Structures are given as structure tokens and as C-alpha cells.
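Visitor: Got a structure here, written out as C-alpha cells. Questions coming.
The values are calculated or read from the model by the stated rules, or taken from the named source; none is laboratory data. This is a predicted model, so every value here is computed, not measured. Every residue, glycine among them, receives a Cβ derived from its backbone with ideal geometry; neighbour counts consider all protein chains shown.
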Ligand SMILES: [Ca+2]
């Protein structure tokens, strides 16, 4: 079964790479790629081990908002706020998270992903939501041809009053790394509340797909 699933995922990945290649051929050159440091060292931890997720993850740049949202682009009232997710997976002294009121949007500091960096995972909680509410999650990347920023929705977080990790979200854009010289694609992640309610997110991690 796992072999079949693996083949299917590989087929999906290659299909996505082919489709996305039409959007972003060649080298990257735009605001996301100019701010992303693809050579930065990224220590690996297992932040989701308490939820039976054995994968190693790297924290996205200021993914825990402990630097006040350094490198993030915040609009519509999104702001770094006091209060950490209660599991303190990033460190026992962590004290901040990201507040996203209805009508706001936040784009993470740029980072780099490649074929071996397929998913992201983070923590959320929400309040004042309705059955129509959700948090839209997109990956942003650039077309070398036009330098325009492209977006692709990669997941949706569902409302919940208590802090909890999201499911892993497969970004697909990482497959474009196969087309670049260093194997990496500069990306950023955008979070947007849909319908009523406000959200908090914390500890945005990227999975480098390496075993524990
Ligand atoms: Ca934090």
C-alpha cells in the first residue's frame, strides 16, 4: 500500500512540477528571492513529537514570532502579540505569536524549499468564528520570466478555541527546486482569515523530510 501511495505521491509531485514549471522557469529574481537566504543554517528539531509526528522540522525565519514578526509582511491589523502556544515547542521562554483579525493577512518571512522540503506545519487557535470560518494558507513564489509573485493555496486550517497543530500541508511548489541550480525555491507563506473570527498562529515549521 505504501509503495502504491509513494508512486501516487511521486506522480502528483512530478505532475505539479511540470505544471508549475510553466509558471516559473529558470532562475528566480524578485522580492521573495532577494530576501530569502537559501544558505542559512537551519537547526532541526521534532516539535510535533507529542502528536506522534516523528519528522524533523526547521523553524521558518521568525516562525515563532519571537522577534516580533521580523521579515513578515502584515496587513489589515495583523500583528505580533503577547502569548505563546502553550506547548512551547520552540523554547520554554517563547512568549509571542501572530494575531490575525478578520480582514487581515500575514505573509511569512521568505525561506527556501527544495524537493526534500515538502510540507509545513504550525499551531493555530481561533475565536468568534462561525461554521463558514477558516484560515486560508497559500505558498507564494516568483516567476523568473515576469518576476510576478504567484500564489497557490496549500491548505485550510479549521477553527478551534484551543491551540493545536494543523495537519501537515503539502506545498508542491518545492518540486520546482529540481529546475534550479541549487535545488532550492524561494517561497513565503500567506495566512488569511476567511469569514468571521480572529486567529492566532505560532511556530511555523518546514519539514526537510529527513528521518529522526
Ligand atoms: Ca512563539
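Visitor: Given the condition within 10 Å of the ligand (Cβ to nearest atom), assigned to a loop (DSSP other than H, G, I, E, B) and either within 19 Å of residue 126 (Cβ to Cβ) or in contact with a strand residue (DSSP E or B) (Cβ under 7 Å, 6 or more places away or on another chain) (or both), answer yes or no: does some residue in the stretch 65-79 qualify?
Guide: yes
Visitor: Counting only residues that are within 16 Å of the ligand (Cβ to nearest atom), surrounded by 23 or more Cβ atoms within 10 Å (Cβ to Cβ) and modelled with pLDDT of 95 or more, give me the strands (runs of 3 or more DSSP E) lying completely in the stretch 149-212 with at least 1 of them. Even if it seems obvious, please write down each step before you answer.
Guide: Details: elements: 149-157, 184-194, 198-207.
By residue number, 184-194, 198-207.
Visitor: Among 126, 92, 131, 97, which is the only one that is assigned to a loop (DSSP other than H, G, I, E, B) and within 20 Å of residue 161 (Cβ to Cβ)?
Guide: Result of the check over 126, 92, 131, 97: 131.
Visitor: A further question follows. Between a first residue in the stretch 75-86 that is on the phi > 0 side of the Ramachandran plot and a second residue that is within 9 Å of the ligand (Cβ to nearest atom), which pairs have beta carbons less than 9 Å apart while being 6 or more apart in sequence or on different chains?
Guide: 83/95; 83/96; 83/97; 83/202
Visitor: Restricting to the stretch 87-107, name every residue that is touching a residue at least 12 places away in the same chain (Cβ under 8 Å) and within 11 Å of the ligand (Cβ to nearest atom).
Guide: Of everything in the stretch 87-107, those that are touching a residue at least 12 places away in the same chain (Cβ under 8 Å) and within 11 Å of the ligand (Cβ to nearest atom) turn out to be 87, 89, 90, 91, 94, 95, 96, 97, 98.
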